[in-house]
Amino acid sequence: MSSSVAVGNTPVGVSSWSAHLRATLALGIPLIGAQLAQLAIHTTDMIIVGQLGAEKLAAMVLAGQFYFVVFIFGSGFSIAVVPMVANAHGQGDATSARRALRMGMWVATVYWLLVMPLFFNAEAILLSLGQNPAVSAMTGQYLAVAQFGLLPALLFYVMRGLVSAIGRAGIILYVTIAMLLINGFLAYALVLGHFGSPAFGMIGAAFAAVIVNAFSLVFIIVYIQTREETRRYELFVRFWRPDWHALWDVLRLGLPISVTILAEVTLFSAASILMGQIGTIELAAHGIALQLASIAFMIPMGLAQAATVRIGVAHGQNDYPNLVRAAITVYVVACAIAACGGLLFAIYPEFLASWFLDPALPGATDVLAYASTLVIIAGVFQLVDGMQAVAAGLLRGLKDARVPMILALISYWPIGFSLAWISAFPLGFGGRGVWVGFVVGLSAAAILLTIRFYLMVKREMKTAR
């Protein structure tokens, strides 16, 4: 039996494990790299704006969180396009893929218009939440400009669905790296006034963000329109014509995905609130451990996106033997990488924690000592967090989002948050209890979502016979 597996489209009958591994890595590595580069863009902005002082940095943190929450909710609708396009691509149905992409762009545009008032009123919203007036004013000014980068960012995510489905995910990595470099150059010039540019301060970072997001969208559109394999989808032909069935599918899949993502984001915000109630040292240590876990999470997030594409294509072909092997391969790769990461966290917790805090600073010794314990727990945390992310990606490949949303919500809040609070306060385990509670919650999500995927595939295989 042949061992050749196309990256985006696994031919029926090809089931070599090594071929599935190559296909998974060929699709997953560029997506992982793109996630890491995206994280580096925000980090670069923080470093550059941080040179303007603590108040500007605080405003940048608030602006980043505000923008991220709005973006991450909207991205659920863009993510919903991925399995729709992958499924249509697996069936060789260019028309359905085009309709899904077009309606995805429609939804992204309408969402952006609906959330614009939030950006224009960001200062008032932050003041109502008890934030510092001066910091809130600067945050509002930044977001008034940065909001115009939201639409191209969401549309870029929609376009990613097509290039990923046809096995050209490498272009996503190249574009994101270019975004990182251009953003760094522009932010350095516009924020601090280098290379002959006026120093716009924090607003300069907003200008840079809008320019970079617009660049990414233009680049991927040009790529799609100039490549024969993608031009045939005719994305912008009769763009104004609605397809109500495809629009409903985007909304039906996208809303549960958005809610699920938002629920996880707010869970980590709640974790920070709990840690803040315990103490300043615990909160600082929590921030270090969470940042390390977030970096590690970029790997299973990229693999989850690859899983959605590979499962979506195989599902569109009704090729269940390869669908099962593709799923197992992604799981094994994610587990192997997470195990290596967990081992690294367990062996070098103090070294890793010291990346984020100078040991010579006052109070740093206590923070690093506490963070070392949390980093060890974070090793287990990133394993189960990765598993639940991959399981969610597999289910999206089957275009299953509503039940996974319910399972995730139960795992995150009634299980995870409740156990975190009980462990931290009534049981007296403090910050360590918060992390243990969340590990249990994410473990529940990983188990429940995996069972859901197994049962769905088993049922569909039985029906297909």
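The values are calculated or read from the model by the stated rules, or taken from the named source; none is laboratory data. Remember, predicted model here, so these are calculated numbers, not experimental data. When we count neighbours, we look across all protein chains shown, and the Cβ atoms used for this are built from the backbone with ideal geometry, even at glycine. Heavy atoms of the whole protein, side chains included, go into the accessibility calculation; ligands, DNA and RNA do not. Shrake-Rupley method; radii C 1.70, N 1.55, O 1.52, S 1.80 Å.
A few remarks follow.
- Farthest positive-ward along the chain dipole, Cα basis, beta-carbon charges - from Tyr188, Gly74, Ser354: Gly74
- Convex hull per residue volume in Å³, alpha carbons only, for the range 75-152: 80
- Bins of 10 Å, starting at 0 and running to the largest distance - Cα pair percent for the range 250-329: 15, 30, 28, 17, 8, 1
- Normalised per residue, the volume of the convex hull around the Cα set of the range 271-417 (Å³): 95
- Estimated 222 nm signal from helices in the chain, with DSSP H stretches of n ≥ 4 weighted -39500 (n - 2.57), rounded to 500: -28500 deg cm²/dmol
- Of the residues Leu247, His89, Ala445, the one whose Cα sits farthest towards the positive end of the charge dipole of the chain is His89 (charges of +1 on Lys and Arg Cβ, -1 on Asp and Glu Cβ, taken about the Cα centre).
- When all protein chains stay in place and ligands, DNA and RNA are ignored, the 1.4 Å accessible-area order of Tyr233, Tyr174, largest first, is Tyr174, Tyr233.
- For the range 32-179, the normalised intensity computed at q = 0.11, 0.21 Å⁻¹ comes to -0.50, -1.25 (log10 of I(q)/I(0), Debye sum over alpha carbons, equal scatterers, no solvent).
- Calculated FRET efficiency for the pair Thr266/Val403, C-beta based, R₀ 22 Å, to 0.05: 0.60
- Answer label for Rg and Dmax of the Cα atoms in Å (calculated), chosen among [x] 22.2, 69; [y] 23.2, 78; [z] 24.0, 85: [x]
- The chymotrypsin sites (Phe, Trp or Tyr not before Pro) of the range 289-372 meeting both criteria, a DSSP state outside H, G, I, E and B (loop) and at most 14 other C-beta atoms within 10 angstrom of the site's C-beta, are Trp355.
- Projecting the Cα atoms of Gly416, Leu344, Ala378 onto the dipole axis of the range 339-461, where Lys and Arg carry +1 and Asp and Glu carry -1 at the beta carbon, places Gly416 farthest toward the positive end.
- Measuring spread by the Cα atoms of the range 114-207 yields a radius of gyration and Dmax of 16.7, 49 Å.
- Using alpha carbons only: equivalent-ellipsoid semi-axes of the range 292-370, gyration tensor based, whole Å: 40, 12, 6
- Dipole moment magnitude, nearest 20 debye, the range 187-262 about Cα centre, only Lys, Arg, Asp, Glu C-beta charged: 100
- Cβ-placed point charges (K, R +1; D, E -1), dipole of the chain about Cα centre in debye, nearest 20: 1620
- Solvent accessible area, Å² - Met179, 1.4 Å probe, full protein context: 10
- The range 365-465: mean projected area of Cα convex hull, nm²: 7.0
- Global form of the range 25-74, assessed from the alpha-carbon gyration tensor, a/c cut-off 1.5: oblate
- Stretching Ala137 away from Asp366 to a fully extended chain increases their span by 79.0 nm, per 0.36 nm per residue minus the current alpha-carbon distance.
- Local net charge near Tyr157, Cβ-Cβ under 15 Å (Lys/Arg +1, Asp/Glu -1): +3
- Annotation: average projected area of the range 180-225 is 3.1 square nanometres, based on the convex hull of Cα atoms across all directions.
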